[in-house]
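Input: a single structure, listed below in structure tokens.
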Ligand code: NAP
């Protein structure tokens, strides 16, 4: 997969899966814009690593659930590199709670960061992609949006929403040489899953047919493929990267 000359924006790429996606796209030759909300500090380390690899990179901080921030991030990207070819909607959060105890704030925050962000970032990016007649949007959903999970009704709804958004938008822009796909990871070893008790992590690993949690690299490889020219005829699809966990059990 050769992404030489392509410009990519990866949201929430200061750490975890987003960081690995940014590094993978740079390895394939892309210039990569790194975004997060600067918690606990700006993601300068990722930029330094990509520059060390010999590829252009810069930080564009901002909250991707806010249109004002997103428009600034996309404008900054295009001002610096002249275009935007690849958008990876990766930023996401969890606010887990059983439905009966879930607050309006738990619901609204997850909807804003995990779902509304995908709409506002895609809208801003598509303005450029449609004009240049080439684009790739890859959004990080979750198997939780496909099979559900106790305590994650807000997260499952947002991640399922990404799948609907992906299919509808794919139909709107397919004739412009822009593809829109989603990747649905299973349990990946990042800060998001490290905050779970070790007992729960072991229990999860035991349910995965592959027998272990995935790595951010496993997700990054799928994203790099969907972002490539080789994947030009794939659009509106959801690619699960989950060691087989969403296949379910026969008995
Ligand atoms: P993570 O380690 O918690 O990293 C999340 C990233 O998103 C951080 O860089 C964070 O920035 C950024 N972020 C959070 N809110 C943001 C906002 N409003 N605007 C911009 N950036 C924001 O998460 P992860 O495990 O790598 O997950 C990445 C994506 O994969 C998420 O969409 C998640 O739902 C999805 N996913 C993860 C798993 C898993 O098992 N880990 C499974 C399925 C799907 P700061 O560092 O500044 O806070």
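Below is a table of values for the structure above.
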quantity: Restricting region 80-133 to residues that are closer than 19 Å to residue 26 by Cβ and more than 16 Å from the ligand (Cβ to nearest atom), the residue that is surrounded by the most Cβ atoms within 10 Å (Cβ to Cβ); calculated: 86
quantity: Test: residue in region 43-53 that is within 12 Å of the ligand (Cβ to nearest atom), in contact with a strand residue (DSSP E or B) (Cβ under 9 Å, 6 or more places away or on another chain) and closer than 27 Å to residue 239 by Cα; calculated: yes
quantity: Residue 110 vs. criteria at pLDDT 95 or above and under 19 Å from the mean Cα position of the chain (by Cα); calculated: yes
quantity: Evaluation of residue 138 against (1) free of Cβ contacts under 8 Å to residues at least 12 places away in the same chain; (2) touching a strand residue (DSSP E or B) at 6+ places or on another chain (Cβ under 8 Å); (3) under 27 Å from residue 208 (Cα atoms) (one fails), failing number; calculated: (1)
quantity: Boolean, residue 163 is under 30 Å from residue 75 (Cβ atoms) and away from the ligand (no atom under 16 Å from the Cβ); calculated: no
quantity: Every residue from region 4-18 that is under 23 Å from residue 214 (Cβ atoms), in contact (Cβ under 8 Å) with a residue 60 or more places away in the chain and buried (at least 24 other Cβ atoms within 10 Å of the Cβ); calculated: 8, 10, 11, 12, 13, 17, 18
quantity: Top-ranked residue of region 172-193 - restricted to ones that are assigned to a helix (DSSP H, G or I) and touching a strand residue (DSSP E or B) at 6+ places or on another chain (Cβ under 9 Å), ranked as farthest from the ligand (Cβ to nearest atom); calculated: 176
quantity: From the options 1, 53, residue that is in contact with a helix residue (DSSP H, G or I) (Cβ under 7 Å, 6 or more places away or on another chain), under 25 Å from residue 134 (Cβ atoms) and in contact (Cβ under 8 Å) with a residue 60 or more places away in the chain; calculated: 1
quantity: Count of residues meeting criterion [in a helix (DSSP H, G or I), over 15 Å from residue 227 (Cα atoms) and touching a helix residue (DSSP H, G or I) at 6+ places or on another chain (Cβ under 7 Å)] in region 124-151; calculated: 7
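The values are calculated or read from the model by the stated rules, or taken from the named source; none is laboratory data. If you're wondering where the values come from, they're calculated on a predicted model, not measured in any experiment. All Cβ positions, even for glycine, are placed from backbone atoms using ideal geometry, and neighbour counts span all protein chains on display.
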